[in-house]
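To start, the structure under review is shown below, and the notes come after it.
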Amino acid sequence: MEPSLLNQALHDTPLAMRRCSALVLLTIVAVSGVGCSGGAQEDEGRGQGPSADSSGGAPAGEISCGEDPRVDSKPLPLRRDGDRESVEFELLETEPAPPARGDNRLRLRLTSAGGEPLLDAAIRAVPTMPDHGHGTPIKPEVSAVDELGTYDIEPLNLFMPGVWRISFEVANESESALDSAAFWFCIAG
């Protein structure tokens with residue numbers, strides 16, 4: 001339709017019909033999940049290509065990302081060498097198990113490349129949703145437990161369904177960076 005014909009059609013359309021059309025359009029945009037819906041984005045942290053669709057074939061309005069290739073789906077404990085290969089990260093347990101929507105607790109053991117427990121390590125835990133580009137407003141606290149080199153991280157507030165990456169940055173007593181690693185979880189909903 002030519003611009004002049006389109007303008008004429010809009011002016012001839014009753015105001016109530018134009019408002020109704022605008023409302024329908026707004027509803028379609030809202031229902032389609034525009035906003036914090038994620039989508040397939042390149043994830044630089046794992047060096048993988050575009051992520052799987054976070055709906056995972058679940059019914060409309062439900063998130064099931066368990067088939068996402070980034071998600072750690074093996075049973076605990078999960079072991080991972082740090083990016084610099086100077087620290088081994090071992091995720092011993094989660095509460096609840098598996099991690100769920102809301103507050104979670106993780107228990108992490110850190111050892112040097114030589115197998116010695118890392119005592120008094122400075123650990124920073126950073127939960128993020130890479131597909132959405134945001135983290136969580138609640139900063140998790142890290143506390144040493146009785147076992148050598150073992151730490152609890154809580155509350156880990158995974159407040160919405162989707163793929164979550166929990167990154168750990170470890171420094172020694174002099175606050176020199178030692179290593180980092182990440183674990184990936186699917187929070188269904």
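Computed from the coordinates by the stated procedures, all read-outs in this text should not be read as laboratory data. Predicted model, so just to flag it, every value in this text is computed and none were measured. Positions of Cβ are generated from backbone atoms using ideal geometry, with glycine treated the same way; all protein chains shown enter the neighbour counts.
Structure summary
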{"item": "Rg ratio (alpha-carbon, reference 2.2 N^0.38 Å) - region 54-187", "result": "1.06"}
{"item": "Electrostatic dipole magnitude of region 54-187 [Cβ: Lys, Arg +1; Asp, Glu -1; Cα centre; debye, to 20]", "result": "420 debye"}
{"item": "Extension gain, Ala171 back to Leu148 (0.36 nm per residue minus Cα-Cα distance, nm)", "result": "6.6 nm"}
{"item": "Neighbour-count ranking [beta-carbon atoms within 10 angstrom, fewest first] of Phe89, Phe159", "result": "Phe159, Phe89"}
{"item": "Fewest-first sequence of Lys139, Lys74 by Cβ atoms within 10 Å of each Cβ", "result": "Lys74, Lys139"}
{"item": "Glu67 versus Asp120: modelled label distance in nm, points set 7 Å from Cα along the beta carbon direction", "result": "5.0 nm"}
{"item": "Residues Asp120, Asp131 arranged by fewest to most Cβ contacts within 10 Å", "result": "Asp120, Asp131"}
